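Here the structure is laid out as structure tokens; the discussion comes afterwards.
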């Protein structure tokens, strides 16, 4: 059996790993356009800041690992065409052009930065000096080299997770940082605006400006960045901001042109649509990671994930199935997510409120504050929980938590309860551990569930 994998990132490398486990004799070939074997993109901000000393430390599946497992890794090689009629791919590498036949093929082509149409962003065909994106290893290395020359004034366009993580890294490095976000709040795809408020306050206290509902209209400077023009979306006035560095953290677009040309159906967000086997609409062709979209567990809607955890899970499923095995994803992704930013753990599971509303799901929410320890015991940390449940039956739909510690572990518990179909009542009755130096008698998650139950009873529901 010949298995071809397009892309050697987390999803692609995992697919190769599990295909090899499933079939010890299969011919497995991985094509990777960059010069790097699989590395952690999620670790790039920490290598930028110096928390991880060397970028090369991020490499998880080395070239030697592929060789040891008898997987043909072809770096710096671009796949030009996929032809399902003949089960053939065409490619161009450092040794020239070639073709290869396959029995199963996996798209793990990832995504590319989404570049906004900002005036002055480029000089000719290249980005203006001082303008960066932050997607891959070379992007991060270039930014570190640039910022190592002198103290920079940095404007980050986009306040999603990448934008905020890069902002933290540059702040640690001693640079002046400002952020502009087009939407209503920071981390707009991860948490709701009220959950983001503590992080905004913390950033402000550190001297980091984060303007929301604003857009960058122009980047000016002769040959290199000298500043930007920022416009308020509501009031309209423009402001000129002095900066010498602009980082475009405005999201990403899936790399799906090869798949589309091969006849693979795309989902509502433009990613490759896959089923529970990670198989596309073309038999024998699979898709995983940032280029694919599957179902949201709560809403049932097609949705890209973009999470490293789900990319790895998809890689496992596709690798096994491409090698002739049988494995399936759950009936949707919960998209459990967490980060530590400016000393705060920010964690969430399930859809944000606007996505639930868009799906037509009536919801009831409670937002409570508590402590990781009993109030009388020293050392407890403040923690805030926003819990969302169905207004119809009280089932838990989503949870967002912010605190100095303990947020990520609590969201894992909430994720398990969503998967199991727990109601707010069942969460409120859930028995948790207690000891003064470890945990309070009633966890803040249970307190939030009790608040949900009160609201449901007031509306005539049992909770």
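The values are calculated or read from the model by the stated rules, or taken from the named source; none is laboratory data. All values reported here derive from a predicted model rather than from experimental measurement. Virtual Cβ from ideal backbone geometry, glycine too; neighbours counted across all protein chains shown.
Screening residue 35 with (1) in contact with a strand residue (DSSP E or B) (Cβ under 8 Å, 6 or more places away or on another chain); (2) outside any helix (DSSP H, G or I) gives one miss only, at (1).
Any chance the stretch 52-62 includes a residue that's under 25 Å from residue 317 (Cβ atoms) and either outside the structural domain of residue 313 (by TED's automatic domain parsing) or surrounded by fewer than 13 Cβ atoms within 10 Å (Cβ to Cβ) (or both)? Checking the stretch 52-62: not a single residue is under 25 Å from residue 317 (Cβ atoms) and either outside the structural domain of residue 313 (by TED's automatic domain parsing) or surrounded by fewer than 13 Cβ atoms within 10 Å (Cβ to Cβ) (or both).
In the set (1) in contact with a strand residue (DSSP E or B) (Cβ under 7 Å, 6 or more places away or on another chain); (2) farther than 16 Å from residue 28 by Cα, residue 57 fails one condition alone, (1).
For the stretch 162-193, which positions are farther than 23 Å from residue 307 by Cβ and either surrounded by fewer than 16 Cβ atoms within 10 Å (Cβ to Cβ) or free of Cβ contacts under 8 Å to residues at least 24 places away in the same chain (or both)? Walk me through how you get there before you give the answer.
Within the stretch 162-193, the subset farther than 23 Å from residue 307 by Cβ is 170-178, 180.
Passing the criteria: 172, 174.
One residue stands out among those in the stretch 130-144 that are closer than 24 Å to residue 290 by Cα and out of contact with any strand residue (DSSP E or B) (no Cβ under 8 Å at 6 or more places or on another chain): the one that is surrounded by the fewest Cβ atoms within 10 Å (Cβ to Cβ), which is 138.
Just so you know, in the stretch 89-103 the residues that are touching a strand residue (DSSP E or B) at 6+ places or on another chain (Cβ under 7 Å) and in a loop (DSSP other than H, G, I, E, B) include one that is surrounded by the most Cβ atoms within 10 Å (Cβ to Cβ), and it is 102. Screening residue 261 with (1) buried (at least 21 other Cβ atoms within 10 Å of the Cβ); (2) more than 28 Å from residue 352 (Cα to Cα) gives one miss only, at (1).
Quick grid of which residues meet (1) surrounded by 15 or more Cβ atoms within 10 Å (Cβ to Cβ); (2) under 21 Å from residue 38 (Cα atoms); (3) touching a residue at least 12 places away in the same chain (Cβ under 8 Å); (4) assigned by TED's automatic domain parsing to the domain that holds residue 190:
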residue	(1), (2), (3), (4)
87	yes, no, yes, no
105	yes, yes, yes, no
121	yes, no, yes, yes
125	no, no, no, yes
146	yes, no, yes, yes
151	no, no, yes, yes
156	yes, no, yes, yes
159	yes, no, yes, yes
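Taken as a whole, the condition of being surrounded by 15 or more Cβ atoms within 10 Å (Cβ to Cβ) and touching a strand residue (DSSP E or B) at 6+ places or on another chain (Cβ under 9 Å) does not apply to residue 47.
Every test in (1) touching a residue at least 24 places away in the same chain (Cβ under 8 Å); (2) surrounded by fewer than 24 Cβ atoms within 10 Å (Cβ to Cβ) is passed by residue 281 save one, and that test is (1).
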